[in-house]
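Before any comments, here is the structure.
Just so you know, all these numbers are worked out from the coordinates, no wet-lab data involved. Note that the structure is predicted; figures quoted are calculated from it, not measured. Note that we place each Cβ from the backbone using ideal geometry, even for glycine, and neighbour counts take in every protein chain shown.
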Amino acid sequence: MSIFLRGRGLVEGLALGEAIVVDKPISFLGDVDPRTGEIVGLNGRFRGTKVTGKILVFPHSKGSTVGSYIIYELSRRKLAPLAMVVRKAEPIIIVGCVLAGIPLIDNVTPDPLANIRSGDNVRVDAYRGIVEVLVDE
């Protein structure tokens, strides 16, 4: 059984992996360490979580335009997420995902933060704008 969410594929690509769902906006300059792939700037349960090799689901990005370069640097060091799913993508995250070759989908309905949990297996098809949550029966 699967749950299908639909959105707008902004950076094409395919990915399959475990989701990490962060319910706060992320600034890639300051919130994610480009040397480790860990979330360092958000307090609480997200701190210390690695985005590396995950499907990163979050509301939107925030902060400096340097964030695009941080996303690219994560990719260059092989520490980047496999894909990103956001409610709304700003130019910072779009440029970063283009540079890094990371599939990106936004405007997802129903709400990805309400329908995907950390640990879920998720398939992202940014060619067609489809996010599939694979549910164990």
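Brief remarks on what is shown
- Between ALA80, ILE70, ILE26, the Cα set farthest toward the positive side of the dipole of the chain (charges on each charged residue's Cβ, about the Cα centre) is that of ILE70.
- Taking Cα atoms only, the orientation of helix 91-100 departs from the longest principal axis of the chain by about 90 degrees.
- Nearest-20 debye value, the range 2-134 charge dipole, Cβ charges on Lys, Arg, Asp, Glu: 140
- Per residue, the convex hull spanned by the alpha carbons of the chain comes to 86 Å³.
- Both radii were evaluated on the Cα set of the range 69-137; the Rg over Rh quotient, with Rh as the Kirkwood radius, amounts to 0.98.
- Start at zero, step by 5 Å, and the Cα-Cα distances of the range 59-109 spread as 5, 24, 34, 25, 10, 2, 0 percent across the bins.
- Full extension of the chain segment joining LEU99 with LYS78 gains 6.2 nm, where the gain is 0.36 nm per residue of separation less the Cα-Cα distance.
- Of the trypsin sites (Lys or Arg not before Pro) found in the range 77-137, those that fall in a DSSP loop while having at most 14 other beta-carbon atoms within 10 Å are ARG77, LYS78, LYS88, ARG117, ARG128.
- The lysine pair count for the chain, using Cα distances under 15 Å and pairs eight or more places apart or on different chains, is 5.
- When the chain is described by a simple charge dipole with +1 on each Lys and Arg Cβ and -1 on each Asp and Glu Cβ, the residue from ILE94, THR109, TYR127 located farthest towards its positive end is ILE94.
- With each label modelled as a point 7 angstrom along the Cα→C-beta vector, the LYS88-PHE4 pair spans 2.8 nm.
- Degrees between helix 66-76 axis and first principal axis of the chain (Cα, 0 to 90, nearest 10): 70
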